[in-house]
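Engineer: Before we start, here is the structure in question, set down as structure tokens.
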Amino acid sequence: MDPHDPVPPPECPGFVDVSVRLTGFDEFTLRGTGLVRLYHDTTVEQVGRAAVGRFLDDLAAAGGDPGGLTDEVSRDIARAITHLWYLGVWPQLSRSVHAALGREKPNTAFTVSPEAYTEGLVWQTFHGHPPGAKAPGFGTWADPPPGAPAPARRTGEDAR
Amino acid sequence: MTAGPARPATPRYDVVVVGAGLAGSLVAKRLGDRGWRVLVLEAGTRTLDSWPGHLDALDTAHAALAKVPNAPYRRNPAAPFPDVLDLTGLPDGGYRADGYFLQNGPLPYGSDHLRATGGTALHWMGLAPRMHPDDFHVRRAYGYGRDWPLAYDDLEPHYRAAERELGVAGDADEQRDAIGLPFPPGYGYPMHKIPRSYLDSVIAARLDGVRLREAPDAPETTLRVVTTPHARNSTPNPGYDSGRGHRPRGAVGTPNYGERCVGHAFCVPICPVQAKYTPLKTQATWSDDVTLVAHAVVSRVLTAGNGRVLGVEYQRYDDPASPAHTTRTAEADLVVLAAHAVENAKLLLLSGLADASGQVGRNLMDHPVLLTWGLLDHPAGPFRGPGSTSGLECFRTGPARRDRAPFRVEIGNWGWSWPAGSPSGDVSRLLGITGDPSQPRGKGLFGARLRRELGHFVGRQFSFQFAFEQDAESRNRVTVDPRHRDRLGIPRPVLTYDLSDHVKRGIASAKAVSDQLFRLLGAEDHTAYAPGTSAPGWFRHGDGAFEFKGAGHAAGTHVMGASRADSVVDPWQRCWDHPNLYAVGCGSMPSVGTSNPSLTMAALTLRSCERMHRDLTELHRPAALRLPEGRP
Ligand SMILES: Cc1cc2nc3c(=O)[nH]c(=O)nc-3n(C[C@H](O)[C@H](O)[C@H](O)COP(=O)(O)OP(=O)(O)OC[C@H]3O[C@@H](n4cnc5c(N)ncnc54)[C@H](O)[C@@H]3O)c2cc1C
Ligand code: SF4
């Protein structure tokens, strides 16, 4: 590859950096969901550019640690983005934050898209798969999940 | 027919079947195969029997916030149906019901059904156990409830026929040995049993052979984890049917797909690959003599004045979203109501039929469910495979039934999804998001800690589902109220529901058993029952407080009996008062035992089909019948 070729910039790099901190999943996994752009746009659409900007500033001031956020609006945005990544669902904001942001949309939870449910990160936290999607195959449920001991076998029971 | 004033031409059939659900689809199959001209009138749409329609339902379910049984299926104002989310618990106990069902009982009726071609079994779990022989005579043997006018032995061959029709996977030897179910010698199910889950094996390793007393003075019961028969595709049994084997049915619209359960863990609300039996599979094999008309809501059964019925009146609509509809009639020699327990009762009441005994709509039953939930000391593998693959069957019968309702214990493979809305409830909680947005939120965990905590917590979840036999009580009932009508002007059902002390004692015993099970398992018990929004079924009993859920097993509303004085249908599910009107389905069941009811209902329905065929043959004699098509 010609080193002088311009490398295209990755999509929404700032949003991905923040999402890595919020979720504990690496960039590779987050991009692998195919949902970076949709989640970025959903966040901006839900809380507005100005609030996203303040949230990014607050996070930088907290040394990049979401646990260090003190402003309740920024913390609720952090909760919402994380919730979105883990479940594919934009959650209800706290009522006071909803009011503080002057949002004109209803403060209701919604699944961003059918794929967003499928790509929810929560399933990966325990080596599961999203029910109704990504089926692991016949009989796989009989095997120990990672980190679990093989059950003591009884007299040939279920020796498949 | 005598000459008279010309009537508008009404299409005439041998049989009109009301409802294309599990029962109706079997009737149409059996009678159509025998060459009878069958008209099936179905209230719902038929968007689900095409592959694109199926995929659309799947997308709808994925996008739904709560993956409740009805999540994939479009609301239909022309044929409304209840939803489990219609019920809300009140802060100090009690409940509010907002949906299709009007409810005025002390406790809520917590089950739904579905009105769409295919019916409620589109979103059933697909567990297909047989009833225990004792379940058929609970009054005689144990002094509560009602007896069947049939015994297990009368139904046994039809159980086999139903297992064939539904393609049941199971282990007959294990069922015989562990539960005492009689099978003919050498009988095997169409498919080998569904492998049990890792969780089942862990629980079996810790519980099998342990002897336990549900109360200090009670006799000992020996625990054993037993795999459950399923109406879902596993490995075909080559020895089935005298070595002819069994060919599993794949997906409707994509027949080579779904011949095996691939572990989607989504059987309720919809199996993505259709490895689970649904009535659409039976419909795909209907003969040309069966005509299905969907968008046709039957509103009344029409009578001739001599006790016989003429046919039905129905409301035909084009667009579910528009109130426009036309009233039509269909005539037939035989009318079979197969519209689901609640809807069958509603239709009989609206038609003023079959009620000489005063029992129409009464004896409404379900399997009330008590959930208990906890954490294993290591990963349990939740949210994998079918919702439940094994259970404890040792509390299903025995002398204790005299004092308390018997129960079946399902081992729940899907974590705390039912008791606590996991894993989304866990994510919210760890993030500090409370259910009430006006409350201050917790600080919340983020990043690697959140990920680790979730994995550690959700990964160890499991639950038990205790399903109780509910006794037939005439006060539990469906009525209709003309002041409350649906979009087409049809009165909505009113439900009056409560649990007897017999059931409540069963629930208390089961909780005591559960406490011991958790101790034996060395598991952390997180079970807690508190009144509130998500606990409409909360109640107090004795010193304890409990919460029950509905199982979706509506039964008893057109109860079957040996005498016309105290039952609605005879042992053939034929209305005592009307020789050519049948009401089929779980509504006919006088007792429900502790087994999920649909296999028994299917067996009973197939048995009734033989009687229907005889009735039709007698009516048509000496007309020659055609041989069933494609049959030797
Ligand atoms: C969540 C859930 C899980 C379940 N799991 C299990 C299980 O694991 N094992 C088990 O054995 N059972 C299970 N069941 C119960 C099972 O689904 C029912 O017993 C079974 O579907 C009843 O069949 P049916 O044919 O009587 O009624 P339905 O399947 O409800 O069919 C009735 C049909 O009639 C149509 N209809 C209704 N009214 C009219 C009208 N006025 N005019 C024309 N058509 C009409 C409906 O649209 C529908 O198609 C479950 C139920 C639920 C809700
Ligand atoms: S576990 Fe999955 S594939 Fe198997 S029946 Fe259930 S939904 Fe279908």
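Engineer: What pairs come out if I take residues in the stretch B:518-540 that are of a type in the set (A, V, I, L, M) and pair them with residues that are buried (at least 17 other Cβ atoms within 10 Å of the Cβ) and assigned to a strand (DSSP E or B) whose C-beta lies under 6 Å away, six or more apart or interchain?
Structural biologist: Hits for this filter: B:Ala523/B:Gly374; B:Ala535/B:Gly89; B:Ala535/B:Glu547.
Engineer: Within the bounds of the stretch B:123-142, is there any residue that is open to solvent by less than 30 Å² (accessible area, probe 1.4 Å), within 14 Å of chain A (Cβ to nearest Cβ), within 16 Å of ligand 1 (Cβ to nearest atom) and in contact with a Pro (Cβ under 9 Å, 6 or more places away or on another chain)?
Structural biologist: There is at least one residue in the stretch B:123-142 that is open to solvent by less than 30 Å² (accessible area, probe 1.4 Å), within 14 Å of chain A (Cβ to nearest Cβ), within 16 Å of ligand 1 (Cβ to nearest atom) and in contact with a Pro (Cβ under 9 Å, 6 or more places away or on another chain).
Engineer: Might you check whether a residue that is among the charged types (D, E, K, R) and either crowded, with 19+ Cβ neighbours inside 10 Å or within 16 Å of ligand 2 (Cβ to nearest atom) (or both) occurs anywhere in the stretch B:90-111?
Structural biologist: Within the stretch B:90-111, none of the residues are among the charged types (D, E, K, R) and either crowded, with 19+ Cβ neighbours inside 10 Å or within 16 Å of ligand 2 (Cβ to nearest atom) (or both).
Engineer: Please work out if B:Ala304 is under 30 Å from B:Cys575 (Cβ atoms), more than 16 Å from ligand 2 (Cβ to nearest atom), surrounded by 24 or more Cβ atoms within 10 Å (Cβ to Cβ) and away from every other protein chain (no Cβ under 14 Å).
Structural biologist: Considered against the rule, which asks whether it is under 30 Å from B:Cys575 (Cβ atoms), more than 16 Å from ligand 2 (Cβ to nearest atom), surrounded by 24 or more Cβ atoms within 10 Å (Cβ to Cβ) and away from every other protein chain (no Cβ under 14 Å), B:Ala304 comes out as no.
Engineer: Going by the structure shown, is B:Pro190 out of contact with any strand residue (DSSP E or B) (no Cβ under 9 Å at 6 or more places or on another chain) and modelled with pLDDT of 95 or more?
Structural biologist: Values: out of contact with any strand residue (DSSP E or B) (no Cβ under 9 Å at 6 or more places or on another chain): no; modelled with pLDDT of 95 or more: yes.
Considered against the rule, which asks whether it is out of contact with any strand residue (DSSP E or B) (no Cβ under 9 Å at 6 or more places or on another chain) and modelled with pLDDT of 95 or more, B:Pro190 comes out as no.
Engineer: Restricting the stretch A:31-88 to residues that are more than 30 Å from B:Ala61 (Cβ to Cβ) and among the charged types (D, E, K, R), which is most open to solvent (accessible area, probe 1.4 Å)? Working first, answer last.
Structural biologist: In the first step, residues of the stretch A:31-88 are kept if they are more than 30 Å from B:Ala61 (Cβ to Cβ); the result is A:48-75.
Imposing the further condition that a residue be among the charged types (D, E, K, R) reduces the set to A:49, A:54, A:57-58, A:65, A:71-72, A:75.
On the way: A:Arg49: 170, A:Arg54: 126, A:Asp57: 105, A:Asp58: 52, A:Asp65: 81, A:Asp71: 69, A:Glu72: 60, A:Arg75: 35 Å².
Across the stretch A:31-88, the extreme among qualifying residues is A:Arg49.
Engineer: Kindly indicate whether B:Asp543 is within 16 Å of ligand 1 (Cβ to nearest atom), among the acidic types (Asp, Glu) and open to solvent by 10 Å² or more (accessible area, probe 1.4 Å). I'd like the intermediate steps shown before the answer.
Structural biologist: Numbers: within 16 Å of ligand 1 (Cβ to nearest atom): no; among the acidic types (Asp, Glu): yes; open to solvent by 10 Å² or more (accessible area, probe 1.4 Å): yes.
No; evaluated as a whole, the condition is false for this residue.
Engineer: Somewhere in the stretch A:126-147, is a residue free of Cβ contacts under 8 Å to residues at least 60 places away in the same chain, surrounded by 22 or more Cβ atoms within 10 Å (Cβ to Cβ) and among the β-branched types (Val, Ile, Thr)?
Structural biologist: Checked the stretch A:126-147: no residue is free of Cβ contacts under 8 Å to residues at least 60 places away in the same chain, surrounded by 22 or more Cβ atoms within 10 Å (Cβ to Cβ) and among the β-branched types (Val, Ile, Thr).
Engineer: Which of the strands (runs of 3 or more DSSP E) found entirely inside the stretch B:26-118 contain at least 3 residues meeting this: within 16 Å of ligand 1 (Cβ to nearest atom) and more than 14 Å from chain A (Cβ to nearest Cβ)?
Structural biologist: On the way: elements: B:38-41, B:87-89, B:95-97.
The qualifying strands (runs of 3 or more DSSP E) are B:38-41.
Engineer: Restricting to the stretch B:441-471, and then to whatever is at the interface with chain A (Cβ under 8 Å from one of its Cβ atoms) and among the basic types (Lys, Arg), can you tell me which residue is most open to solvent (accessible area, probe 1.4 Å)?
Structural biologist: B:Arg452
Rundown of residues vs (1) touching a Pro at 6+ places or on another chain (Cβ under 9 Å); (2) over 30 Å from A:Pro144 (Cα atoms); (3) of a type in the set (Lys, Arg), yes/no style:
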site	(1), (2), (3)
B:Gly455	yes, no, no
B:Asp481	yes, yes, no
B:Arg485	yes, yes, yes
B:Pro491	yes, yes, no
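Engineer: Looking only at the stretch B:253-286, count every residue that is more than 9 Å from ligand 2 (Cβ to nearest atom) and open to solvent by 20 Å² or more (accessible area, probe 1.4 Å) and tell me the total.
Structural biologist: Matching residues across the stretch B:253-286 total 10.
Engineer: Could you please tell me which pairs satisfy a Cβ distance under 6 Å, a separation of 6+ or placement on different chains, a first residue in the stretch B:332-350 that is closer than 10 Å to B:Gly361 by Cα, and a second residue that is open to solvent by less than 10 Å² (accessible area, probe 1.4 Å) and in a helix (DSSP H, G or I)?
Structural biologist: Note: pairs meeting the criteria are B:Ala341/B:Gly587; B:Asn344/B:Gly587.
Engineer: Hey, another quick one. For the stretch B:499-511, what are the residues that are open to solvent by 10 Å² or more (accessible area, probe 1.4 Å) and either within 19 Å of the chain's Cα centre (by Cα) or among the aliphatic types (A, V, I, L, M) (or both)?
Structural biologist: If the condition is that a residue be open to solvent by 10 Å² or more (accessible area, probe 1.4 Å) and either within 19 Å of the chain's Cα centre (by Cα) or among the aliphatic types (A, V, I, L, M) (or both), then B:Ala508 is the only one that fits.
Engineer: Let me ask something else about it. Looking only at the stretch B:402-440, count how many residues are open to solvent by 20 Å² or more (accessible area, probe 1.4 Å) and modelled with pLDDT under 95.
Structural biologist: Result for the stretch B:402-440: 6.
Engineer: Is there a residue being modelled with pLDDT of 95 or more and closer than 30 Å to A:Pro145 by Cα anywhere in the stretch B:357-370? Working first, answer last.
Structural biologist: Keep residues of the stretch B:357-370 that are modelled with pLDDT of 95 or more, which gives B:357-370.
This time we only want the ones that are closer than 30 Å to A:Pro145 by Cα, so: B:369-370.
Among the residues of the stretch B:357-370, at least one is modelled with pLDDT of 95 or more and closer than 30 Å to A:Pro145 by Cα, which makes the answer yes.
The values are calculated or read from the model by the stated rules, or taken from the named source; none is laboratory data. Everything numeric here is computed off the predicted structure, so don't read it as measured data. Cβ coordinates were reconstructed from backbone atoms using ideal geometry, including for glycine residues, and neighbour counts include every protein chain displayed. Areas reflect the complete protein model, heavy atoms only, side chains present, ligands, DNA and RNA absent. Shrake-Rupley method; radii C 1.70, N 1.55, O 1.52, S 1.80 Å.
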